[in-house]
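Structure first, then comments.
Quick note: the coordinates plus some simple rules give every number you see, no bench work behind them. In this text the structure is predicted, and so the values were computed from the model without any measurement. Neighbour counts are summed over all protein chains in view; Cβ atoms, including those assigned to glycine, are modelled from backbone coordinates with ideal geometry.
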Amino acid sequence: MKLLADQLSIAGASHDHSENDQEAELSVPAPASSTTQRPESPRTGVTGWVIVALLVIGAILRIWQYAANTSLWLDEIALTKGILQLDLPSLLTSPLPYDQVAPKGFLLLQKLAVMALGPTEYALRLVPFACSLIALWLFARVAARLLEGIGPVVAVALFATGTSFILLSAIAKQYAVDVCVAVSLLYLSHELMSSDPNTSRMIGAGLAGTLLVWLSQPAVLVITALGSVLVGTAILSARATVRLRRLVFVVACWAISAALVTLAGFASMSTQTREYMYRYWAEGFPPTPPTAALRSFWPWEQVMGLFGQASAGVAYPFPALYVGAMVIGFAALWRRQRETAALVVAPLVITLGAAVARQYPFSNRLILFLFPSFILSIAAATEEARSLVALISRVLAALLVVSVVAPAMYPVVMAPPTYRFEDVKPLLQHLEARRQPGDKMYVYYGAAPAMSFYAARYGMERKEYSVGGCHPGDGPSFLRELDTFRGERRVWIVLVHPSGGELPYILAYLDAIGARKDALVVESRYVGRRLPPARLYLYDLSRPDASNTTANSFAFTGPLPAGSRFSCDGGPTAMVSSDFVQ
């Protein structure tokens, strides 16, 4: 631990020198007076130890989330079903079921984890969890190399405590891997840029990038961006011929692998899945025509969502201020070291270009891989402001740093793990303990995927429950399905993952035609967002006095169900067929 602390402390202090050692003979020393314009925070072992402490905190938060072993939620189940049902060759070459998309390398690792450890939540989430820990450690090294002064501490504090990184470390999807790969490629690129690589390092960097791009879909964008920067800076270098010759192998390997990944991805994606993804992620593409995009300030809302309270947002208070700090940080990095700034900003530029070309959505968790670069920029802006304020007062400079870090850490302090979405396992445990012979069961269609995955674990067969149909915006159709259970004294109702506003409507009708005998509501939990809970109810629907209340005559005083923007014939919600005539 002491060695790690020392390395982190020394790396940040010396990175500017290491970047330019190979071209020192071409450098012009700065005037002596220019080095005394602003006080710099001293690099001591204390800085390294603070970073180590933050890394430990970040690791504990991720372990805490992983160890909670929460239920798989809808999107996890849809991807997991493909991993479990398909053999390895089919998994890597065929379209995934339920309109899912995932990188081939990630699918391979997931399949190997399940084959080795069994189809448990821990096995299915092991790869994202391991990658989240690797990314945490590697990001600290990147921050120490790219940033000055207090910048590495600020950057690691924000990365270690970011709620999105904690949540996705225990989600059986590829988003934590995306972040890890992006940070890894940034680290490799900076290493290649800051020194003349020998043969072994060139081979290692080429092989690493070639393999990493298979683990992450946005890695193709990152490879394109960073490879372009490496080649561009080599061309502009005073030793262009030498640097180009030494980088051509690495960049060529990356480019070939990225091309193969892209071809493999398109070849194994069905037309239906492509159409579903375009519809699902429509907000990630700019409005048309271009004037509409300009009027809507696209992609301001998407960036704000990532800093704020989108499903993958970090829920920062005052997100606009952090976005502003990010822009200032880009400028500060550009002024100090343009090559480094280009590495940080290039993935953002390429990703925006891909969204404009309608090839990759710029939205939500799909762009979380850019957030480490955003954090680096915020940290650079913080150090820039700190060094200026320190000319007036070191106390004010320290308070400024706290004013940046404290609000960013506030969400995880106020709402630490465990985070959970639609945690259905407690419902099924409750049901298993209280179900009696002859009980009936109605499963709302949004809950059917979770039931299909977990029911057998809790002693229930598919024939023992009825799955409702998909009728978003058509409230009476849900009620007519419930009418089929009239006269039954014990009917369990499982309500998870509502796609519209029908749940209050359904519950009001059940209360009108029956008597509620039991209930369990398991709240979902994620900082800054109010998410639908998982619900289980037991009703007696044998009331004779309710015969005049029917699905067509029921008057509901609340808001009527809203239609879903997604169809019922695709995606995860179409995983289980309804038992009712459509």
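Take the Cα of residue 263, step 7 Å along the line toward its Cβ, and report every residue of region 204-232 whose backbone nitrogen sits under 12 Å from that point.
none
Helix-derived [θ] at 222 nm for the chain: sum -39500 (n - 2.57) over DSSP H runs of at least 4, divide by residue count, nearest 500? Before the final figure, lay out each step's value.
Details: 24 runs with 335 residues, N = 582.
Only helices count here, giving -18500 deg cm²/dmol.
Under the Karplus relation 6.51 cos²θ - 1.76 cosθ + 1.60, θ = phi - 60°, what is the ordered set of whole-Hz ³J(HN,Hα) values for region 382-392, x standing for Gly and Pro?
Values, residue by residue: 4, 5, 4, 5, 4, 5, 6, 5, 5, 5, 9 Hz.
Mind putting together the pair-distance distribution for region 472-514? All Cα pairs, 5 Å bins, whole percent per bin, short to long.
5, 21, 35, 25, 11, 3
Tell me the label-point distance for the pair residue 293, residue 517, using the 7 Å Cα-to-Cβ offset, in nm and rounded to one decimal.
Placing both labels 7 Å along Cα→Cβ, they lie 5.9 nm apart.
So, counting K/R as plus one and D/E as minus one, what does the shell of residues with Cβ under 15 Å around residue 551 add up to?
Working: positive: 480, 486; negative: 474, 481, 483, 502, 511.
Spelling it out: positives minus negatives among the neighbours equals -3.
When the chain is fully extended, how far beyond the present Cα-Cα distance does residue 64 get from residue 211, taking 0.36 nm per residue of separation? Don't skip to the answer; put the middle values down first.
Values: separation 147, 0.36 × 147 = 52.92 nm, distance 2.96 nm.
50.0 nm is the gain from fully extending residue 64 to residue 211.
Relative to the longest principal axis of the C-alpha atoms of the chain, give the angle of the C-alpha long axis of helix 175-194, reported between 0 and 90° and rounded to the nearest 10°.
Long axis of 175-194 versus the principal axis of the chain: about 10 degrees.
So what's the net charge close to residue 55: Lys and Arg +1, Asp and Glu -1, counting the other residues with Cβ under 11 Å from its Cβ? Display every interim value, and only then the final one.
Working: positive: 62, 141; negative: none.
Local charge sum for residue 55: +2.
Listing 344, 356, 177 from the residue with the fewest other Cβ atoms within 10 Å to the one with the most, what is the order?
Values: 344 26, 356 16, 177 29.
Sorted ascending by nearby Cβ count, the order is 356, 344, 177.
Angle between the Cα long axis of helix 271-280 and the longest principal axis of the chain, 0 to 90 degrees, nearest 10?
That helix lies at roughly 80 degrees to the long axis.
Taking the chain as a whole, which cysteines find no other cysteine Cβ under 4.7 angstrom from their Cβ?
Cys with no partner Cβ under 4.7 Å: 253.
Which order do 249, 369, 297 fall in if you start with the one that has the fewest other Cβ atoms within 10 Å?
By the 10 Å Cβ count, ascending, the order reads 297, 249, 369.
Do any trypsin sites (Lys or Arg not before Pro) in region 173-239 lie in a DSSP loop with no more than 14 other beta carbon atoms within 10 Å, and if so, which? It would help to have the intermediate numbers written out before the result.
Numbers: sites: 173, 201, 239; in loops: 173, 239.
Listed in order of number, the matching sites are 239.
Given R₀ = 45 Å, FRET efficiency for residue 331-residue 474 by Cβ-Cβ distance, to 0.05? Can you show the working numbers first?
Values: r = 53 Å, r/R0 = 1.17.
Computed FRET efficiency for residue 331 and residue 474: 0.30.
Write out the trypsin sites (Lys or Arg not before Pro) in region 512-582 meeting two conditions: DSSP loop, and at most 13 other Cβ atoms within 10 Å of their Cβ.
Values: sites: 516, 517, 525, 529, 530, 535, 565; in loops: 530, 565.
When the trypsin sites (Lys or Arg not before Pro) of region 512-582 are filtered for loop state and at most 13 Cβ neighbours within 10 Å, 530, 565 remain.
Mind sorting out which of (i) 25.3; (ii) 27.0; (iii) 26.1 is the real Kirkwood radius over Cα pairs in Å computed from the coordinates?
Checking each listed value against the structure points to (iii).
Based on the mean of other Cβ atoms within 10 Å per residue, sort peptides 226-234, 125-133 so the most packed one is first.
Packing order, densest peptide first, comes out as 125-133, 226-234.
Starting with the fewest neighbours, write out 491, 323 ranked by other beta-carbon atoms found within 10 Å of each beta-carbon. Numbers along the way, then the final one.
Numbers: 491 24, 323 19.
Ordered from fewest to most neighbouring Cβ atoms within 10 Å, 491, 323 come out as 323, 491.
Mind checking the full-extension length gain between residue 457 and residue 311? Use 0.36 nm per residue of separation minus the Cα-Cα distance, one decimal, nm. Intermediate results must be reported in sequence, preceding the final value.
Numbers: separation 146, 0.36 × 146 = 52.56 nm, distance 2.90 nm.
Length gained between residue 457 and residue 311: 49.7 nm.
Hey, what angle do you get for helix 338-356 against the long axis of the chain, alpha-carbon based, 0 to 90 degrees rounded to 10?
Between the helix axis and the principal axis of the chain, the angle is about 30 degrees.
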